[in-house]
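Shown next, in structure tokens, is the structure this report addresses.
The values are calculated or read from the model by the stated rules, or taken from the named source; none is laboratory data. Everything quoted here is computed from the prediction, not taken from an experiment. Glycine also receives a Cβ, built like all others from the backbone with ideal geometry; neighbour counts cover every protein chain displayed.
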Amino acid sequence: MNGAGNSFFVLEDPEGELRRQGPGALARQLCRPEEGEQTDGMIVLIPGDGEEDFGMLFYNADGSLGEMCGNGARCAARYGVEHGLVRDDQNIRFRATAGEIRGRRITEDLYEVCLNNPSVMDLRRCAATPEGTVECSYVELGDPGIPHAVVRVGPEAFADLDALREKGRALRYSASFPKGANVSFVCPTGPRHVKAITFERGVEDFTLACGTGAGAIAVSLGESVQVDMPGGTLSISLVKDGEEVRALYLTGPTEVESSYTGT
């Protein structure tokens, strides 16, 4: 499946066999094949606990366990609806490592999920890199939080993606971010509208879209926003009470690229 071009393998593990074998190794094998196109991550759906429809484990392409993935969460929500894991498609409930996720089906391919609220907001942080310091916003969504650095750039920066990639790689490993960070480069294009691209840890490159990155961008700007990424447009609705973020809603497309049922 993919969400705005952000691509994933989605697997069910109802009996825990995959978890006992170690999903990280399978994620590396599937997402980084010796030949063929790379995939951004692997999603493992497990039985829900209590009132939740299911659980979601997200693995990066390098096999590391991620806290959550916004585009992956929308894909998981659609998978759950279409495979009978969800009781009410207007009140989808599941749990990721970063916390509980709620979502709903809007159309056949359009889904909304409520991202985890920020647990860390440092809107003016100077990040050290070998080339010097870079001013950015640092946001962690959820607890444990998904770390994001948001860097504002001019439109000319997108003309040289190789240079921007090297800057993203340097920031991703900056000592200013103890857990590393996903790095989003952002340029305003209009009222509540931006262009962005995200260098994702675990993938170690730019991806076509990043849902939690879009959420971090909205938090850094302090308002709801449309985010144009290479794979498509994501909408973030930001609900605030004063300076406190009360909710972050991510809406965007999902696509089933292929499916298989078997062993």
Practice prompt. Could you list, in sequence order, all residues of the range 1-28 that are crowded, with 16+ Cβ neighbours inside 10 Å and over 21 Å from the mean Cα position of the chain (by Cα)?
Written response: Asp13, Leu18
Item to complete: Tell me, please, whether a residue that is of a type in the set (Lys, Arg), outside the structural domain of Glu204 (by TED's automatic domain parsing), surrounded by 24 or more Cβ atoms within 10 Å (Cβ to Cβ) and out of contact with any helix residue (DSSP H, G or I) (no Cβ under 6 Å at 6 or more places or on another chain) can be found in the range 96-109.
Response: no
Discussion item. For the range 227-256: of the residues being surrounded by fewer than 10 Cβ atoms within 10 Å (Cβ to Cβ) and acidic (Asp, Glu), which is modelled with the highest pLDDT?
Written reply: Asp241
Worksheet item: In the range 201-228, how many are in contact with a Cys (Cβ under 7 Å, 6 or more places away or on another chain) and within 19 Å of Leu161 (Cβ to Cβ)?
Response: 0
Item to complete: Tell me which residues, restricted to the range 201-226, are at pLDDT 95 or above and acidic (Asp, Glu).
Response: Glu223
Item to complete: Scan the range 67-95 residue by residue and report those that are surrounded by fewer than 24 Cβ atoms within 10 Å (Cβ to Cβ) and under 14 Å from the mean Cα position of the chain (by Cα).
Response: Glu67
Practice prompt. Determine whether the range 137-154 contains at least one residue that is at pLDDT 95 or above and more than 23 Å from Asn71 (Cα to Cα).
Written response: yes
Worksheet, complete the sentence: Among strands (runs of 3 or more DSSP E) completely within the range 168-234, the ones holding 3 or more residues that are under 25 Å from Leu65 (Cβ atoms) are 182-190, 193-200, 205-207
Practice prompt. Please find, within the range 83-121, the residue that is farthest from Gly70 (Cα to Cα) out of those that are of a type in the set (Asp, Glu) and out of contact with any Ser or Thr (no Cβ under 7 Å at 6 or more places or on another chain).
Written response: Asp88
Worksheet entry | Count of residues meeting criterion [in contact (Cβ under 8 Å) with a residue 60 or more places away in the chain, under 16 Å from Thr198 (Cα atoms) and surrounded by fewer than 22 Cβ atoms within 10 Å (Cβ to Cβ)] in the range 29-65 | 1
Discussion item. Looking only at the range 184-200, filter to residues that are among the charged types (D, E, K, R) and surrounded by fewer than 24 Cβ atoms within 10 Å (Cβ to Cβ); which one of those is farthest from Ser237 (Cα to Cα)?
Written reply: Lys195
